[in-house]
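Taking it in order: structure first as structure tokens, then the write-up.
The values are calculated or read from the model by the stated rules, or taken from the named source; none is laboratory data. Quick caveat, the model's predicted, so the values are computed rather than measured. Cβ: placed from backbone, ideal geometry, glycine included. Neighbour counts: every protein chain shown.
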Amino acid sequence: MNIQWFPGHMTKTIKEIKENLALADFVIELLDARIPYSSGNPELARILPDKKRITVLNKSDLAHPEATARWIEHFKNRSITALAIDSLSGSGVRELMLKITERGEMVREKWQKRGRKNKRIRVMIAGIPNVGKSSLINRIAGKASARTGDKPGVTRGRQWVKVAEGIDLLDTPGVLWPKFDEERVGVNLAITGAIKEEVLDREELALKLIERLFQLDPELLKRGYGIVQLEETPYRVLEQVGSARGCMVRGGRIDTLRTSIILLEDFRSGRLGRITLELPEDAP
Ligand SMILES: Nc1nc2c(ncn2[C@@H]2O[C@H](COP(=O)(O)OP(=O)(O)OP(=O)(O)O)[C@@H](O)[C@H]2O)c(=O)[nH]1
Ligand SMILES: [Mg+2]
């Protein structure tokens with residue numbers, strides 16, 4: 001599948017990430033709990049020491065709880081502080097705030113020892129497009145300070161938001177990091193909505209999603225669409241989904257493009273269930 005998921009303007013943003021890093025005392029890397037490996041930025045891991053990084057799995061309301069627990073364990077085994085949150089309901093955000101304040105205190109102590117004056121703690125929120133960076137900031141700030149939207153590329157420039165006593169959060173535009181050798185990563189990012197729809201063949205993507213759901217658990221599709229017996233090929237299953245969702249065109253044929261859009265939306269909204277697309281053992 002040919003996904004142009006690393007458009008030219010992203011290169012500029014990576015330069016910006018580095019500039020932003022220089023402004024921040026530490027970084028929260030927001031991952032998508034459904035794809036913790038694919039949504040990670042290996043460059044960030046490379047240039048940031050672990051103690052300057054908190055790993056947060058957002059959209060955990062859409063991910064499988066057991067899979068999320070296993071990912072958290074996976075990070076902890078690597079001495080990486082990780083926790084799961086849901087920026088929409090706010091679940092886990094209080095724990096995250098505690099971690100942020102704790103980390104902030106450590107930074108302040110260091111300043112004191114060096115005789116530097118006490119400034120505000122600056123925390124950068126980094127992550128792929130559409131992962132919920134602005135939503136998290138709004139949740140912590142308790143008001144809509146940052147613009148959010150259900151498509152990638154909403155936040156354009158950087159924006160500091162004062163959230164609590166002495167803490168500023170930096171909202172940044174989402175960045176995709178190329179893992180060119182891994183098609184699976186590109187597909188995961190596209191399925192979950194991190195890549196602009198305009199550059200995708202949605203029918204091809206829907207077929208990939210069907211394959212993946214089938215591998216994970218065939219019951220997901222059966223249950224989701226009331227299908228008794230799944231057909232043999234992804235394309236025929238897509239037609240079954242179309243039939244179940246009433247996506248017909250004249251002559252009784254299935255509108256497979258409309259079906260694909262609906263299927264992707266059903267996945268993204270959680271209507272098909274809480275589904276994690278990759279487990280720690282899938283990560284290289
Ligand atoms: N279900 C669910 N949806 C979420 C969560 N966090 C954010 N969203 C939704 O995800 C979409 C993207 O949220 P944003 O906060 O705009 O994402 P962003 O990371 O700032 O995106 P860019 O600015 O484009 O990089 C919005 O539709 C949010 O409502 C979450 O924890 N659970
Ligand atoms: Mg944003």
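Before moving on, here are some points about what is shown:
- Restricting attention to region 134-151, the residues being within 9 Å of ligand 2 (Cβ to nearest atom), of a type in the set (A, V, I, L, M, F, W, C) and farther than 22 Å from Pro36 by Cα number 1.
- Test: Ile210 is at pLDDT 85 or above, outside any loop (DSSP other than H, G, I, E, B) and within 16 Å of ligand 1 (Cβ to nearest atom): no
- Among the residues of region 169-199, those identified as over 18 Å from the mean Cα position of the chain (by Cα) and part of a loop (DSSP other than H, G, I, E, B) are Phe180, Asp181.
- Only one of Ser91, Ser60 that is within 13 Å of the chain's Cα centre (by Cα) and within 10 Å of ligand 1 (Cβ to nearest atom): Ser60
- Of all residues in region 192-233, those that are in contact with a Pro (Cβ under 8 Å, 6 or more places away or on another chain) and not basic (Lys, Arg) total 9.
- Scanning region 115-129 for residues that are at positive phi and either part of a strand (DSSP E or B) or of a type in the set (D, E, K, R) (or both) yields one hit, Gly127.
- Annotation note: of Val131, Val93, Val154, the sole residue that is modelled with pLDDT of 95 or more, surrounded by 15 or more Cβ atoms within 10 Å (Cβ to Cβ) and within 16 Å of ligand 2 (Cβ to nearest atom) is Val131.
- Among the residues making up region 227-284, those that are in a loop (DSSP other than H, G, I, E, B) and of a type in the set (Asp, Glu) are Glu231, Glu232, Asp255, Glu278.
- Which numbered condition Thr172 fails, given (1) in contact (Cβ under 8 Å) with a residue 24 or more places away in the chain; (2) away from ligand 2 (no atom under 11 Å from the Cβ); (3) in contact with a helix residue (DSSP H, G or I) (Cβ under 7 Å, 6 or more places away or on another chain): (2)
- Residue in region 97-108 that is within 16 Å of ligand 1 (Cβ to nearest atom) and not in a helix (DSSP H, G or I) present: no
- From Thr233, Thr192, Thr276, residue being touching a Leu at 6+ places or on another chain (Cβ under 8 Å) and modelled with pLDDT of 95 or more: Thr192
- Residue in region 151-160 that is within 16 Å of ligand 1 (Cβ to nearest atom), under 30 Å from Thr101 (Cβ atoms), out of contact with any strand residue (DSSP E or B) (no Cβ under 8 Å at 6 or more places or on another chain) and polar (S, T, N, Q) present: no
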